[in-house]
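Here the structure comes first, spelled out in structure tokens, and everything after it is commentary.
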Amino acid sequence: MTDPSEYSPPKVWTWDKASGGKFANINRPIAGPTHDKELPVGRHPLQLYSLATPNGVKVTVMLEELLALGHAGAEYDAWLIRIGEGDQFGSGFVGVNPNSKIPALLDRSGPAPVRVFESGAILVYLAEKFGGALLPTESAKRAECLSWLFWQMGSAPYLGGGFGHFYAYAPTKIEYAIDRFAMEVKRQLDVLDRRLAESPYLAGEDYTIADIAVWSWYGALAKGLLYEAGEFLQVQAYTHVQRWTEAIAARPAVQRGRRVNRTWGDAASQLPERHAASDFDAPPPQA
């Protein structure tokens, strides 16, 4: 590996060597499918194709929250997409999400299937589909909620693709890169902490899709579950974020949603696929 201080970018970048790191085998500079593979379809109108990464957790938590609110139409099939094995590049998945990223949702409840991709778009779609659930209808509150939702969508690349990559996955530890992204993540934590000093939840008094989206990333970080970086980033210092994190983590729907499409960690925390509420009571998968 070339010393970063000696690297001089070429005039034209070319893809002529492996990128290195944990996900090198699935990184490529082109889009489109790599192989033909149809997606499975279950018995519910809502078909989710995902993995329990922070972005995937957003949607399974949302669906479980909708069911907890009594929206029976939110019953869903959650199919496992193993991104480390390249499932997201199958032709069926690319047909639902041309960006080849999880999660992807297919709503088959109408005369023609509706595809929805990008986790924030899925949260808004589901909220509106079920009568504005977890999305305020009053103009100012709705604006606050959507502002924090899109704040998370814009911030995630710094936390995931930036800090997470260089701190946890890059083949070489680069001080400049880790320092640069750690600084930004801590600034974001401070943004959240200041907001949560003002109100119980991000959009105000009520729990919304903004909390679901932000918690999946920053709640996990605050609990020390993301990149094992809690001590490094001194997450306990953000006391309002900690209060908010624990309140959301205690919600039964959040606890269920975190298990769906999860294939790592303690066996009791895993539910690789979910096709009915009774699946949560099934014996944990065997190692």
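The values are calculated or read from the model by the stated rules, or taken from the named source; none is laboratory data. Source: prediction; values computed, not measured. When we count neighbours, we look across all protein chains shown, and the Cβ atoms used for this are built from the backbone with ideal geometry, even at glycine.
Annotations
Residue-by-condition table, conditions (1) buried (at least 17 other Cβ atoms within 10 Å of the Cβ); (2) in contact with a Leu (Cβ under 8 Å, 6 or more places away or on another chain); (3) among the charged types (D, E, K, R); (4) closer than 21 Å to Thr60 by Cα:
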position	(1), (2), (3), (4)
Leu189	yes, yes, no, no
Ala220	yes, yes, no, yes
Glu228	no, no, yes, no
Glu246	no, no, yes, yes
Ala249	no, no, no, yes
Arg259	yes, yes, yes, yes
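- Some residue of segment 2-22 being under 18 Å from the mean Cα position of the chain (by Cα) and among the hydrophobic types (A, V, I, L, M, F, W, C): no
- From the list Asp211, Asp179, the one residue that fits, being within 17 Å of Arg243 (Cβ to Cβ) and either touching a residue at least 60 places away in the same chain (Cβ under 8 Å) or in a helix (DSSP H, G or I) (or both), is Asp211.
- Members of segment 247-263 that are in contact (Cβ under 8 Å) with a residue 12 or more places away in the chain and either of a type in the set (Phe, Trp, Tyr) or more than 19 Å from Ala74 (Cα to Cα) (or both): Ala247, Ile248, Ala249, Arg262, Thr263
- The one condition in (1) surrounded by 17 or more Cβ atoms within 10 Å (Cβ to Cβ); (2) part of a loop (DSSP other than H, G, I, E, B); (3) free of Cβ contacts under 8 Å to residues at least 24 places away in the same chain that Pro283 fails to fulfil: (1)
- Within segment 216-227, residues that are assigned to a helix (DSSP H, G or I) reach partners that are surrounded by 19 or more Cβ atoms within 10 Å (Cβ to Cβ) and among the charged types (D, E, K, R) with beta carbons closer than 8 Å, at six or more positions or on different chains, in the pairs Ser216/Lys58.
- Test for Ile83: is it surrounded by 13 or more Cβ atoms within 10 Å (Cβ to Cβ), in contact with a strand residue (DSSP E or B) (Cβ under 6 Å, 6 or more places away or on another chain) and within 16 Å of Leu48 (Cα to Cα): no
Condition check ((1) touching a strand residue (DSSP E or B) at 6+ places or on another chain (Cβ under 6 Å); (2) crowded, with 20+ Cβ neighbours inside 10 Å; (3) not basic (Lys, Arg)) across all residues:
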residue: Glu38; (1), (2), (3): no, no, yes
residue: Leu66; (1), (2), (3): no, yes, yes
residue: Gly92; (1), (2), (3): no, no, yes
residue: Asn97; (1), (2), (3): yes, yes, yes
residue: Pro103; (1), (2), (3): yes, yes, yes
residue: Leu106; (1), (2), (3): yes, yes, yes
residue: Ala112; (1), (2), (3): no, no, yes
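- Strands (runs of 3 or more DSSP E) lying entirely in segment 35-151 (those with 2 or more residues that are in contact with a Phe, Trp or Tyr (Cβ under 6 Å, 6 or more places away or on another chain) and not β-branched (Val, Ile, Thr)): 46-50
- Failed criterion for Ser199 (all others in (1) at negative phi; (2) in contact (Cβ under 8 Å) with a residue 12 or more places away in the chain; (3) in contact with an Asp or Glu (Cβ under 7 Å, 6 or more places away or on another chain) hold): (2)
- Unique residue being over 18 Å from the mean Cα position of the chain (by Cα), closer than 30 Å to Asn27 by Cβ and not assigned by TED's automatic domain parsing to the domain that holds Leu196 when the list is Gly70, Gly92, Gly86: Gly92
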